[in-house]
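Since every read-out is calculated from the coordinates, none of them should be taken as a lab result. This is a predicted model, so every value here is computed, not measured. As a convention, Cβ positions derive from the backbone with ideal geometry for all residues, glycine included, and neighbour counts pool all protein chains shown.
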Amino acid sequence: MKPTGIGSALVFCLTLGGCTTPALFPADVMEDVAPTFDFKAWRQTTGNPMTSDRDVGGQGPKVQVGGRIVASQQTPNGIVIVGQQLPIVRHPAYGPTDTDKQTGEYEFAFLFNGKLDQRALMPGNRFIMVGRTKGKPETVLVDGAPKSEPFLIAQCLHVWNTEGREIADFISGGVGGGFTALEENTYCETKK
């Protein structure tokens, strides 16, 4: 019996996992994550006392944000990462991608209280983080200069060590059409 087009597609998806979004974070981390998050609106309203996040102990809703690492700095409270927000796409590869369609300011910063490999902190690496927004911006260092950025407290972070390239480049971008391995890891906060 010859497989049908739908049957072939199903076998392909199941074999390669191409039809599902990978689970980057444990299920308990994803509990209470806002189903939608308007990053641009949040960035514009952060710090405005009239429109700030509904603070609960200084923290707002739990969200998921994708981006590219701009800079990082070790502090006594953890690692502060400055990122440029990028949309999270599902195809051709899952993860944040630069669509070249964004205009305006898309930088933000977040605190991660956990251990990260040094390679994970390289500028240009792509990430998705899950954490809580803060109602007030924080002053962070960007290229050696202080800058006020909207701020989050990260619970978990998934990093692709792309060094500035697109995640999709690793799927078919190998020498001679071969596969180039992409290092990626999930890190979660250190419990106190």
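Among the residues in region 135-148, are any hydrophobic (A, V, I, L, M, F, W, C), surrounded by 15 or more Cβ atoms within 10 Å (Cβ to Cβ) and under 26 Å from Glu31 (Cα atoms)? Among the residues of region 135-148, not one is hydrophobic (A, V, I, L, M, F, W, C), surrounded by 15 or more Cβ atoms within 10 Å (Cβ to Cβ) and under 26 Å from Glu31 (Cα atoms), which makes the answer no.
Looking at Ala93, Ala120, Ala109, Ala71, which is the one that is touching a residue at least 24 places away in the same chain (Cβ under 8 Å), assigned to a loop (DSSP other than H, G, I, E, B) and surrounded by 15 or more Cβ atoms within 10 Å (Cβ to Cβ)?
Ala93
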